[in-house]
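The numbers here are math on the coordinates, done by the rules we state, and not lab data. The structure displayed is predicted, hence computed values, not measured ones. Cβ placement follows ideal geometry from the backbone for every residue including glycine, while neighbour counts extend to all protein chains displayed.
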Amino acid sequence: MKKTVFLILLPVVLLLAVSASAGTLKEDQDALKKAETFDQQLAVLSRIAEEHADELEAGGWEVSLRPDAAPGLPEGLIPEKWDDFTADKVNGFPGEYRGHKFIALYCASNEAPDFAGDLLARLPADMRAASLAEAEYALVIRGFWTPSGYSYIPPASSSHRDYVGLVFDLKTNKAVQFWSQRNYAKRSGRRSELSGSTLTDHGIWLAIRSQVLPELSYDLGGGAALLFGVTGKNCYLKGYEGEPADVTVPAAVEGRPVTEVDKNCFSGCKTLTGIRLPETVASIGASAFSECEALKTVALSEGLRSIGASAFSGASSLEEIVLPASLVSVGEKALNRCPRLARVTIGEGLEKLGMDMFTGDYGLACVWVPASVTNVNVAGLKPRTAVYAPKGSAALKTAQEKGLTAIACESPDNMPAVQYLTENGYTYRLFNGEAALFRYDGEAPNVVVPESVSGYPVTLMLEYSVYNLEHVKSVTLPRSIRTVYESAIYAVNKKVPMDIYIPNAEMTLETDAIGRYGSNSTPITIHAPEGSLAQRYVTDTSSEPLVFEPWGEGVDPNARSLKDALALAEKLRESAAKFWEKCDQQEYGWFSLLPAYDMAAPGAAYVLRMTQAQYDDLALLMAGPDNVAKVFAAIVNTQWNLPYAKASAKTAQSGEFSPVADGSCAVAVLVYRSDLIVVTLQGSGSAQAAAVFCSPANISKLTAETVTGIAARYGVTGECAAYSRDALDALLEEKIQTEPGK
């Protein structure tokens, strides 16, 4: 009897489907609700999918196509008790199901099913059944609650929200499960909001479409390819194969325009360095490029309308981005945790920045905010980030009211450029005439931060700039630094003590700028002038491992102990190694005999003479590209316990070195109070510092014969005089006193 009724109704259904006039999607939604049988729902839905294909492909989610399922579903399709139901689990939607006719249903717990017209209308035409007679499979999305078992104070209960995707064979009623997702209950919050979140119909479609829809591949070469899902006339970028690097996404694949980048598309891709999107792309899904650590360049399409939450979160190499004027929405944390991101330009049109959009972007120097944006505070911007905005704009006013650095200008072209520079293990962010230390990755145990780099004074230490480096024993800051930001100098489970030298009494330290955490509690000693902000930092922190030690009472605050200056030797060692690889090792054999440093060495000195040309070679090597001589001289000139070494820091590099009258000069290898120094002595009595040696023991082997041997290897003949520490003090003191102006 049921079959007879079905056969009688079928022509009526088809007649209704054919004769119904085309209307708006909203009007057709009403027609779908009025359908009296499931077959009628399929017929009306088939017409909707054809007549509104473009609207449904581009969106249309504001109009629900999810009515209650009308009578007529095959008997036994939906289990009476889901708790007793089992299905084979497969890894993804089986490819053999594509091209076969489907019906679609939503099932919530043990409730009656809904007709999943939202999903069915977006399947390819060759997978949509217009009647039960031609249907082969049922696509069933089931949502249900699972008790979380979490404990709360005060007592409360909560549930996870679980979803599974099933395919039922309508002939056998056997099912396979191809997809599942759990939205976890919250660990804390209001009683009414503890349970897991419910997926929207759109959210369900985004979760399963990459598995269900047909796939296209676009060869990038080198074994890499882009994968696209076919949505109808268009397609979307859904993933990749191989190891893509610098990627230009095509505007179309096999004649189908590329309209979006799917959520999680490149998430976690370690090889992606660049991405360029065509004008056809209108949206970027959530987390599409999250955790792409190598991603450095991004070119977004002018047709881009939306960027999903956390789209570029964790892209730790990204330095600059321009958000196009076509943007309508940006999700929360879209650019979150992009530490190198230094310059952002936002196009006119966007009204609100995503919540916490820039949180964790501690390298962010500047951002252009157009007049259309009225809320900038929610973006997680720090006061040190300069907000550039048009004069009189709401954005500029909001930035000023919230204590942000606000600068009025009429165009993003007026915003200064930002660049990164890496030199000798230090990476700097250069902006607006100043350098900020971004990261130290060198191997020196004693880190001495330079005063300047490429003409930029080093004024800031950004977060994590000297962080969790087990080999670092001390950090010496230049007077030029005015602010050290949170977590800039930090030790984690460090087993050895650490010394921080701060010459600038006015230097500001943010909360937790210097410190340690972990299982070890070995001290960090901050050496700074009495009454300095650094001393106040130690007092206010009240952390037992953090110790303050007055540094040089009555001494120029620029002074640094010679022991700390030994860090310069690490640069010398690197330069020497490179030099040794390239030089004539027979001609420069003397270099291999240079003495080393040992704290237990006796005080003594050996002086030999060499020509100006010979000294120029030596000074050039020791100075290197970073002019170690100049930095060391600055230390010598301000150090109270080295009265003999007033250094002028002239090197052969600058051409300013002045030899004595006979064309020669003296090079002194000084072992003084356990410190090893190489200086030059001129006839006038002045001294020039060349370098400091710091390496494993052997200094006790330094004798007059050794120095003579060095001289001989270098082609220098003549006397080599040896001095005791006291004799050397007396000699140099006498010379300094005879020097004019000393």
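Arranged by the count of other C-beta atoms within 10 angstrom, fewest first, what order do Trp368, Trp82, Trp205, Trp551 take?
Details: Trp368 26, Trp82 13, Trp205 17, Trp551 23.
Sorted ascending by nearby Cβ count, the order is Trp82, Trp205, Trp551, Trp368.
Would any residue of the stretch 85-119 have its amide N under 15 Å from a label point 7 Å out along Cα→Cβ of Glu55? List them or say none.
Inside the label zone: 118.
Say each of Thr374 and Glu136 gets a label point 7 Å from the Cα, pointing the same way as Cα to Cβ; how far apart are those two points in nm?
5.5 nm
Could you give the length gained on full extension between Glu348 and Asn468, defined as 0.36 nm per residue of separation minus the Cα-Cα distance, in nm?
39.1 nm
Given a Förster radius of 35 Å and the C-beta distance between Arg191 and Glu36 as r, what FRET efficiency does 1/(1 + (r/R0)^6) yield to the nearest 0.05?
0.25
For a test of the definition: using alpha carbon positions, the gyration tensor, and the 1.5 limit on a/c, classify the stretch 102-225 as rounded, prolate or oblate.
Oblate, because a/c is 1.5 or more while a/b does not exceed b/c.
Using Cβ contacts closer than 10 Å as the measure, can you line up Ser454, Ser290 from fewest to most?
Result, fewest neighbours first: Ser454, Ser290.
Within 10 Å of each residue's Cβ, count the other Cβ atoms and sort Cys366, Cys235 from fewest upward.
The fewest-first ordering by Cβ neighbours comes to Cys366, Cys235.
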